[in-house]
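First up is the structure itself, then whatever we jot down about it.
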Amino acid sequence: MYICDLYDQELKYYCQRYSNNSNPAFTDQEIMTIYLFAGHCQKYFRIRDIYNFASEYLSSWFPKLPSYQTFNLRLNRLNEAFRVLSTRLISSFMPADCNKGISLVDSLPIITCAGRNRQGKVAREITAKGYCSTKNMYYYGLKLHALTLRREGTIPFPKSLMVTPAEDNDLTVFKQAWGDYISDTVIFGDKIYSDFEYFNDDKKQKQNIEMYTPVKAIKGQSEQEKQRQKAYNDLFSTAVSKIRQPIESFFNWLNEKTTIQRAQKVRSTKGLLVHTMGKIAIAFIYLIF
């Protein structure tokens, strides 16, 4: 009922067709419900598996289920509705135990094609070649960027999510999406977010934000100076990594629940957007309901 109510209030304006067939017998609400139900309750994530499950077991609920080709085509048209749904789930159901004074930031690769010499052929408008240092892997695809709020004893909850081509630098995305709009928080990230010139005293004073990252090597620093500061740098880096570790657990949880990282079987731009935003919505239905 929540999905249907939200669709009637808002989502329909992002996907509704203004044509003679704007009121089909099988509605967009039913398509979204089948997708979310099959993913959440049955852990079916391939569109063919979702359709077969609905056709075999949910025919009494959805007697006007169309052909697979029509179902797939109409599902892909709902990519923007899934994006808005994910945003509303995050903003409307934020847990009370979120610590708004401590933020964790990181990104997750969404892979359409892996390999240094491979060429991505799907969704070229929104994908690009990137490198994942954690997996030591070149890939084509997207990055899911997350700015999350720390929670005691459990995975953090996202304050904001953003999808970009894989080539986009994490620090650049942070500056453009969040850097000038957040305040009153301490942020923990990995080395890519280290930028003393950007996170300066003036920014700290105006927005009351600070960025802590593991210590990044300084080019041209002498070996003697490195050794002199090694003990402090190692302790500081370990402390920062320990605090930001829950966001890695968040991404592991997200991937475990939805297999969002594996997008090799996606065949279109709209399909990739549904794969990403639809699975984010499924994941937060796990958390909220």
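Taken together, the values in this text are just the output of simple stated rules run on the coordinates, not laboratory data. For clarity, every value in this text was computed on a predicted model and none was experimentally measured. Positions of Cβ are backbone-derived with ideal geometry, glycine not excepted, and every protein chain shown enters the neighbour counts.
For region 75-167, chymotrypsin sites (Phe, Trp or Tyr not before Pro) are listed when DSSP marks them as loop and at most 13 other Cβ atoms sit within 10 Å of their Cβ; the list is Phe93.
Residues in region 68-76 carry Karplus couplings, in order, of 4, 4, 5, 4, 5, 4, 6, 4, 5 Hz; the curve used is 6.51 cos²θ - 1.76 cosθ + 1.60 with θ = phi - 60°, and Gly or Pro positions show x.
Each stretch of four or more DSSP H residues adds -39500 (n - 2.57); spread over every residue of the chain, this sum gives -14000 deg cm²/dmol at 222 nm. Where both bridge residues fall in the chain, DSSP classifies roughly 75% of the beta bridges as antiparallel. Residue-wise HN-Hα couplings along region 268-279, as the Karplus relation 6.51 cos²θ - 1.76 cosθ + 1.60 with θ = phi - 60° gives them from phi, are 7, 5, 5, x, 5, 5, 5, 3, 6, 6, x, 6 Hz; Gly and Pro carry x.
Quick one: putting +1 on the C-beta of Lys and Arg, -1 on the C-beta of Asp and Glu, what dipole do you get for region 70-134 around its Cα centre, in Debye to the nearest 20? Once rounded to the nearest 20, the dipole reads 380 debye.
Which GluC sites (Glu not before Pro) in region 1-101 pass both tests, a DSSP loop state and at most 15 other beta-carbon atoms within 10 Å? Listed in order of number, the matching sites are Glu10.
Mean silhouette area of region 2-77, derived from the convex hull of its C-alpha atoms and averaged over all directions, reads 5.1 nm². In a simple Cβ point-charge model (Lys, Arg +1; Asp, Glu -1; nothing else charged), region 1-110 has a dipole of about 260 debye relative to its Cα centre. Working from Cα positions, state the angle (0 to 90°, nearest 10) between the long axis of helix 79-92 and the longest principal axis of the chain. Roughly 60 degrees, rounded to the nearest 10.
Shown here are the Rg and Dmax of the Cα trace of the chain, at 21.4, 76 Å.
Taking all Cα pairs closer than 8 Å and separated by 6 or more residues, the relative contact order of the chain comes to 22 percent. Short-range pairs are left out: with C-alpha atoms under 8 Å and at least six residues apart, the relative contact order of region 128-199 is 25 percent.
Sparse packing (at most 15 other Cβ atoms within 10 Å of the Cβ) combined with a DSSP loop state is found for the following trypsin sites (Lys or Arg not before Pro) in region 1-70: Arg17, Lys43, Arg46, Lys64. In a fully extended conformation the segment linking Asn23 and Asn99 would gain 22.9 nm over its present Cα-Cα distance, using 0.36 nm per residue. For the pair Lys175 and Arg118, label points projected 7 Å from Cα toward Cβ lie 3.2 nm apart. Computed from the Cα positions only, the extents of region 160-249 along the three principal axes stand at 41, 31, 25 Å, in decreasing order.
Backbone geometry of region 223-233 corresponds, through the Karplus equation with coefficients 6.51, -1.76 and 1.60 at θ = phi - 60°, to 3J(HN,Hα) couplings of 5, 4, 5, 4, 5, 5, 9, 4, 4, 5, 4 Hz, x marking Gly and Pro. Since only Leu85, Thr276, Gly179 are under comparison, the one whose Cα sits farthest along the positive direction of the charge dipole of the chain, derived from C-beta charges on Lys, Arg, Asp and Glu, is Thr276. Here the gap between Gln207 and Thr259, fully extended at 0.36 nm per residue and compared with their Cα-Cα distance, gives a gain of 15.1 nm. A full extension of the chain between Gln16 and Ser183 corresponds to an added length of 56.5 nm, given 0.36 nm per residue minus the alpha carbon distance. Note on Glu167/Arg48: beta-carbon distance plugged into 1/(1 + (r/R0)^6) with R0 of 22 Å gives a FRET efficiency of 0.10. Considering every alpha-carbon pair of region 96-267, the percent of pairs per 10 Å bin, from zero through the bin containing the longest distance, is 9, 33, 34, 20, 4, 0.
Summarised in one figure, the compactness ratio Rg/Rh of region 195-289, Cα atoms and Kirkwood Rh, is 1.16.
Using only side-chain charges placed at the Cβ, +1 for Lys and Arg and -1 for Asp and Glu, the dipole size of the chain relative to its Cα centre rounds to 940 debye.
The relative contact order of region 2-77, computed from alpha carbon pairs under 8 Å that lie at least 6 residues apart in sequence, is 32 percent.
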